[in-house]
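Each reported figure results from applying straightforward, stated rules to the coordinates on display, with no laboratory input. Bear in mind the structure is a predicted one, so any value in this text is a computation, not a measurement. Positions of Cβ are generated from backbone atoms using ideal geometry, with glycine treated the same way; all protein chains shown enter the neighbour counts.
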Amino acid sequence: MSSPTNIVEQVREQFGQLLGRFETAWEDGAEPEISDFLFLEPIEDQAVRHQLLLELVKLDLSSRWKQMLPKGGGEVPASSGADEQTVQLPRVERYVVEWPELGPKDSVDVDLIVHEYRTRQRFGDRPHVSEFETRFPAHGQTLSVPLGEAETEFREMREGSTAPGIHIASMETSQGTLLPGVGTPEPKTEVDAPPAGAAGFAGAVEMQMGNFGNYDLQEELGRGAMGIVYRARQLRPDRPVALKTISKGKLASVEQVRTFFAEANSAGNLRHPHIVTVYDSGEVDGQHYFSMAYIEGKSLDEIVEPGETLDPRRAAKYIRTTAEAIEYAHSMGVLHRDLKPGNVLIDENDEPHVADFGIASRLEDDSTSPVHGEVVGTPSFMPPEQAQGRADLIGPTSDVYSLGATLYCLLTGVPPFGGGDVLATLMQVIDEPPKPIRQFNKSVDRYLQAICLKCLSKKPSDRYASAQELADDLGRYLRNEPTVALSPPMVIRFTKWCRRNPAVARLTIVILLILLGTSGVMSTLYLQLRVVHGSVTDLEDDKKRLENDKARFEGELVVLADQADESKRNAEDSARKAAASAEKAAESSKRLAAADTKLAKTNSALKVARNSLKPLQAMLADSKKMLDLSKQMLATSKLQLKKQTAALAEAKEEVAASGSKLKANQLALVAQKKQLAKAARDLELAETEERKQLRRTSDGQRELGKTYGKLGENEQAKQAFGESIVASGDWVKKAAKIPAEQKMALLGVAESNRLLGDLHVNLEELKPSAVQFQAAEAAISRLKTSGLDGEDVQFSSAQLFNSRALAFEIQGLLDLQLPQLESARNAYVALIGTAAKANAIRYRQKLARTYYNLGRAYDRLCSQGKSNDWKQVVSAYDKAVTGLESLRDDASGDRELELAVIQELAQTLQERSSGWLGYADATTGEAAMGHERQAIRDADASIALCQVLVEKAPRNPQYRVDRIYARMTRATLYPVDQVGNTEAEKLYLSGITALETIVEEHQVPAHRSLLADARTNLGVLYQDWPPTRVAPASKRAMQAREQFTAALKEAERLHVQFPGLASYQYALADALRNMADLLKERDGAAAARFATRGLGLIKPLVRRYPGRPDYKSLAENLAAVGR
């Protein structure tokens, strides 16, 4: 294996020319993209590819810092006065986010981190080592040692220098440009070094992201010499905000703090839909701040690049709305004084918002009014009275002038005035008239030019008297009415024209009414903006709730397991006690038997005594005469009798005692029998509780697996489904003699195995999925053969048919997929006929989905040439649509079901549209045209349903993605001509823009895959677009390559993130094929390299899925290009 040093040398030797071209492009001011050079040649060795990416990133980082360096050298400025925008200097974290191949932040190459440190030192930023140790704590000593060496090296270089670093204070601040004038000092120079630990901008205080009082700081949006703006989330109330702080932090002077809060005080009382609202202001740990509404969008100077222009009517609409907002500010006593394109933000609904009241003043407040002789603002957009420092003349008409200057810039691409330096610009503002707008842009008519130039009049009295008058005149212009700036002769001609052309005039009035209605819709969209902004928060709350549910389920499982163990121990103790009682009962029985034996002996002795008494009595009767002679014998006999009587009494007492003991033993035996019965009941209760526990475990782990699956935690989902299967199996054994419970347990076995099989299918693990489906089928068969069949068993069987059909679809085995789908269809039809209404709705939804899948399967049969029955395709989709439309009527009271049905109906209409298109290709004449019209109707209906979903649930990003997909489906139906291609291009571009935002916010792989597909489709559109004079073939080829390269980048990221999924591997191979096709005519060698790499990706898939004709076709195409 090569060492890192050898790999670096190998990359620099092998790709030296490529790296040189990248660096030269930066030197020429081209700002090249890393991806354009990284994907220029396919690289199989991942280590070499990683090192090449690292070298490109280093060059990009150094070049961007070098580009920000002032022309005359010196330190990195706080802001650039040339373009009046905040400098955004790159950090390592930016590249880690953009290029996941660099690894996570905690394991990024130390060499890259040290390169950033050295670059910033070299260009005068002087960051402290502690900043990097805080940003990259996981690197420890491996980072501290090289940073310490670099710090020592730069310190020695600075100590050896004879000229200290001089920091020129920028004239640009967050509040405008402070210019020398009457009573104002010239700009000063500062020789003080920045505070220890300061990074980024001279004197700026870096703040850590995270908690900041009642806010959570998320990322830095921009900074100037005075302030830093962060994107943040206010905790109470919960909402996104833009938070501005003083760049000097605790080091700020009292005057700087007063100036900082002037902006918050000026805009704090303004509440207008087109003025950025100030929410809150205060201080946290000595850091002053204020928060504002967060506008998702761009400023006008970002939308209109220098030298470019905006559509005149669109520009007029922006300025009209902005003028109305400024009129409101004037009515509240506030002058803006720094209106320019950079201070007008355009949101997602294409509505303007006025921002940055940093140098605003109150009309009746001397403390905030400008000082006479002080010039504050942006020279190119300030009125003459402001350029002269005439505070007594500054008023509402001054803002009217700045609005006109902003309109002039939008229409011409340049400000009305701009000299070589600030003073030259000010002299032009004061003395020279602006050049006519039509000299720059012929598409601007005389009326809009007159409105703009009236605003730019040198005398305030010659301008519109108020911002509202300007807004009204722009409104008249947009409605094609006579304007104040350029009036009557044209009005008279227009009136005569209307009389000559009444029909066209009526049509014009209708169009104007439509435009008025459109403005109302835009206002409604603005009111919905806050709802849309809350979607990310709701999704994050949903995820937290699912994670809490997970923790709760796991905790309950532990408690239930402990309870089951305790019940088991109690049952075992009861069984031991019963056994001991039984032993005592047996011992008592033995004693009773011994007493019986002794009693029998006593009875025998008594019998003997009685027999010996009879002869004596006979002798007494016969020998009375011998009585006296026999007295001694009689006494002896009496004595013997007394002894025998005593013995008999003792025997009776023993018998009585034995009877008492026998009774006691009998009572003890009864008690033991009761204890045995109680132990049996306890054992039965313990077994019942154990079965309940197994059921709860089975159901709980199954639901936990579903939750993990929704979160994308596949390994945890597999484990949860596996534990559910084990618990269900144990439940089946314990409930062997309880048919009702055994049925539920077997259904649990079938459902958990089916869900685990579905998860394996989604991960393209087909062998494990087949094992799980077989286990599910075995459980269902056992239910049927055991006489436990029923509606729920039939439903489980139908679900299994659909799951197996999906597995066969992935493998391209249509012959096996269709019987499964038809069996599922038949099962659902039978269930609907006998089920109760509540269950019937669910079965109808499943039946509609099955017809949808049948339509797709029949479509693939026809597309592969195995059938020509397109009528069968459309018929299956018809049944799905009919079923879903009926369900939608029945689901009106159930919002969740209604949304799900609408979503499925929109998807089905999209697929039916494709089916009609295939049907049209298979027919001719009027029939084919009718099928094409039906395809367009279905696509338009799908878009309308997706719009309904977005309106009903604006916080759900999936509905927005569905709408984008529906519009891209519609794009494929436009005719292949100049007009059709243009309309399709619009749909693709708008979809790509929206998808980029959604992917950035939610990072869902399926959304990224759709973004790659959209770029691919747009690239194909450019590739096949016939050239014109405006767009020759070279331009179309360049546009196609740009889209294919972007699609390749997205496909590469998905393949790296999910290397085992065939769908993403196929998508990457297809993206490489597109690049190869595009280059084969101009650069055969490069095309062959792309094709070779794509072939290396697709061949294993062909072997793995021999039933997929699309894989085979792609392999053949790549092989042909490679030759």
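Computed packing ranks the peptides 945-957, 1046-1058 as 1046-1058, 945-957, most packed first, by mean other Cβ atoms within 10 Å.
By how many nm would the segment from GLU149 to ALA668 lengthen if fully extended, with 0.36 nm per residue of separation less the alpha-carbon distance? Display every interim value, and only then the final one.
Details: separation 519, 0.36 × 519 = 186.84 nm, distance 9.15 nm.
Result: 177.7 nm gained on full extension.
Taking 0.36 nm per residue of sequence separation and removing the Cα-Cα distance, the GLU1001/LYS643 pair yields an extension gain of 117.6 nm.
Would you please classify the overall shape of region 736-835 from the alpha carbon gyration tensor, given that a ≥ b ≥ c denote the square roots of the eigenvalues, rounded means a/c under 1.5, and beyond that prolate means a/b larger than b/c while oblate covers the rest?
Values: a/c = 2.63, a/b = 1.40, b/c = 1.88.
Verdict is oblate for region 736-835.
At full extension, THR923 and ILE936 could sit 3.0 nm farther apart than now, given 0.36 nm per residue minus the alpha carbon distance.
Assuming R0 = 35 Å, can you tell me the calculated FRET efficiency for the pair ASP106 and ARG696, based on Cβ-Cβ distance, to the nearest 0.05? Computed FRET efficiency for ASP106 and ARG696 comes out at 0.30. Look at ILE810, ILE113 and count the other Cβ atoms within 10 Å of each Cβ; fewest to most, that gives ILE810, ILE113. Using the average count of surrounding beta-carbon atoms within 10 Å as a protection proxy, the listed peptides 744-751, 428-435, 314-321 rank, highest first, as 744-751, 314-321, 428-435.
Going from the residue with the fewest nearby Cβ atoms within 10 Å to the one with the most, ASP1110, ASP1013 rank ASP1110, ASP1013.
How high is the FRET efficiency between ARG895 and SER990 when r is their beta carbon distance and R₀ equals 51 Å, given to the nearest 0.05? Intermediate results must be reported in sequence, preceding the final value.
Details: r = 29 Å, r/R0 = 0.57.
Efficiency, from the Cβ-Cβ distance: 0.95.
Overall, the ratio between the Cα radius of gyration of region 920-1030 and 2.2 N^0.38 Å, rounded to two decimals, is 1.19. Between LYS435 and THR834, the distance separating the two model label sites (each 7 Å from Cα on the Cα→Cβ line) works out to 8.6 nm. In this structure, GLU23 and VAL254 have a Cβ-Cβ separation that, at R0 = 60 Å, corresponds to a calculated FRET efficiency of about 0.80. Checking the a/c ratio against 1.5 first, then a/b against b/c, what shape does the Cα gyration tensor give for region 296-486? It is rounded, given that a/c, with a ≥ b ≥ c, falls under 1.5.
Converting phi to 3J(HN,Hα) with the Karplus coefficients 6.51, -1.76 and 1.60 and the offset θ = phi - 60°, region 433-448 yields x, x, 6, x, 5, 5, 5, 9, 9, 5, 6, 7, 7, 5, 6, 5 Hz in sequence order, with x at every glycine or proline.
Using Cα pairs under 8 angstrom and six or more residues apart, how large is the relative contact order of region 939-1027, in percent? Before the final figure, lay out each step's value.
Working: 68 pairs, mean separation 21.6, N = 89.
Relative contact order here is 24 percent.
Think of region 736-835 as a dipole: +1 on every Lys or Arg Cβ, -1 on every Asp or Glu Cβ, centred on the Cα centre; then among GLN799, LEU766, ALA835, ALA835 lies furthest on the positive end. As a ratio to 2.2 N^0.38 Å, the alpha-carbon radius of gyration for region 765-814 is 1.25. The alpha carbons of region 399-477 stretch over 38, 29, 15 Å along the principal axes, in descending order. Region 745-812 and region 1069-1101 have Cα centres spaced 40 Å apart. Here region 736-835 is treated with +1 on each Lys and Arg Cβ and -1 on each Asp and Glu Cβ, and its dipole about the Cα centre works out to around 300 debye. The distance between label points at ALA1085 and ASP869 comes to 5.5 nm (points 7 Å beyond Cα on the Cα→Cβ vector).
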